[in-house]
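Student: Right, I'll just put the structure down here and ask away after.
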Amino acid sequence: MTSSAWHIHIDAQLISPDFEAFATRLGFYFQDFLHHEVSAEPHYEPTRHLTYHPKDATEFKTLFEKLRRYLIESPTAIQGYVEGEFIPLDQDIEEKPFDATVPLPCKIHLGDLPLGAFREDEIHISLLRDSSDPLLQQALKDMGLYAAYLPKDVGVATIFTVQGSRTNISALINPLTEYLTRAGGGVRCSIKEERIAEYWVSGRDIVMPPVIDRIEWL
């Protein structure tokens, strides 16, 4: 399990130096993604990504409220959004050779999130890009998850993501976990559910990543 059941992320295309300094004083740190790593793939990573893992719900609420108050008073401090998440699931997947005979459980069809709306839930599947089996990584893309690439001390991690309603994410958690467990192929692989607890968006014109339109079970 994760060391913290709470996360706060600041995802911005533009961020003011003053707000950046304010957030880092609160303990946030930059964890920027690699951009346009594979240009032919759909990608939705923000230009700047700051993160913090509160130790409990009390710290989560306190920090999020400080960010919210700052941004209400200085609404142009970022172009983007702040998301506060509760982590009910963070499961490591045992490392073993990839088994290509394990069938894909589903095909996820994505659609646009309406302007002004925000996702309810998401799944992240994380693994090391360069040492995990390429066939597993392609299988996750074939199912409809999209990838972002995050530098870490142990190498570049690929973060496969799907977002949507609580109902759709809940339907996917067990089938995706079972697929990863049976198929193998991932190095330092884990699956995580992140439920939205709080959010702030700089404007209704902010374009969000796509969400699940429907799930086609195979």
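Yes/no matrix, rows are residues, columns are (1) surrounded by fewer than 17 Cβ atoms within 10 Å (Cβ to Cβ); (2) on the phi > 0 side of the Ramachandran plot:
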| position | (1), (2) |
| --- | --- |
| PRO151 | yes, no |
| VAL156 | yes, no |
| GLY164 | no, yes |
| ALA171 | yes, no |
| GLY184 | no, yes |
| ARG188 | yes, yes |
| GLU193 | no, no |
| ARG204 | yes, no |
| PRO210 | no, no |
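Student: Out of all the residues in segment 105-133, which are surrounded by fewer than 16 Cβ atoms within 10 Å (Cβ to Cβ), of a type in the set (D, E, K, R) and free of Cβ contacts under 8 Å to residues at least 60 places away in the same chain?
Tutor: Scanning segment 105-133 gives a single hit, ASP130.
Student: Name every residue in segment 200-214 that is under 28 Å from LEU136 (Cα atoms) and assigned to a strand (DSSP E or B), in order of residue number.
Tutor: VAL211, ILE212, ASP213, ARG214
Residues are listed down the side, and each one gets a yes or a no for (1) at positive phi; (2) assigned to a helix (DSSP H, G or I); (3) surrounded by fewer than 13 Cβ atoms within 10 Å (Cβ to Cβ):
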{"site": "THR24", "(1), (2), (3)": "no, yes, no"}
{"site": "ASP32", "(1), (2), (3)": "no, no, no"}
{"site": "ILE72", "(1), (2), (3)": "no, yes, yes"}
{"site": "GLY80", "(1), (2), (3)": "yes, no, no"}
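Student: Taking the stated definitions as given, is GLU65 acidic (Asp, Glu) and either surrounded by 13 or more Cβ atoms within 10 Å (Cβ to Cβ) or at pLDDT below 95 (or both)?
Tutor: no
Student: Only one of THR58, THR47 is without any contact (Cβ under 8 Å) to a residue 40 or more places away in the chain and within 18 Å of the chain's Cα centre (by Cα). Can you tell me which?
Tutor: THR47
Student: Suppose we filter segment 68-95 for residues that are in contact with a helix residue (DSSP H, G or I) (Cβ under 9 Å, 6 or more places away or on another chain) and either more than 30 Å from PHE19 (Cα to Cα) or free of Cβ contacts under 8 Å to residues at least 40 places away in the same chain (or both); how many remain?
Tutor: 4
Student: Between GLU41, GLU59, which is more than 22 Å from TYR149 (Cα to Cα), touching a strand residue (DSSP E or B) at 6+ places or on another chain (Cβ under 9 Å) and either modelled with pLDDT under 95 or outside any loop (DSSP other than H, G, I, E, B) (or both)?
Tutor: The match here is GLU59.
Student: Ok, one more. Answer yes if at least one residue in segment 169-184 is in contact with a helix residue (DSSP H, G or I) (Cβ under 9 Å, 6 or more places away or on another chain) and either under 28 Å from THR62 (Cβ atoms) or at pLDDT below 95 (or both), and no otherwise.
Tutor: no
Student: Right, ARG166: under 30 Å from THR62 (Cβ atoms) and not small (Gly, Ala, Ser) or not?
Tutor: Working: under 30 Å from THR62 (Cβ atoms): yes; not small (Gly, Ala, Ser): yes.
When the stated conditions are applied, ARG166 passes them.
The values are calculated or read from the model by the stated rules, or taken from the named source; none is laboratory data. Predicted model only: the values in this text are computed from it and were never measured. Positions of Cβ are generated from backbone atoms using ideal geometry, with glycine treated the same way; all protein chains shown enter the neighbour counts.
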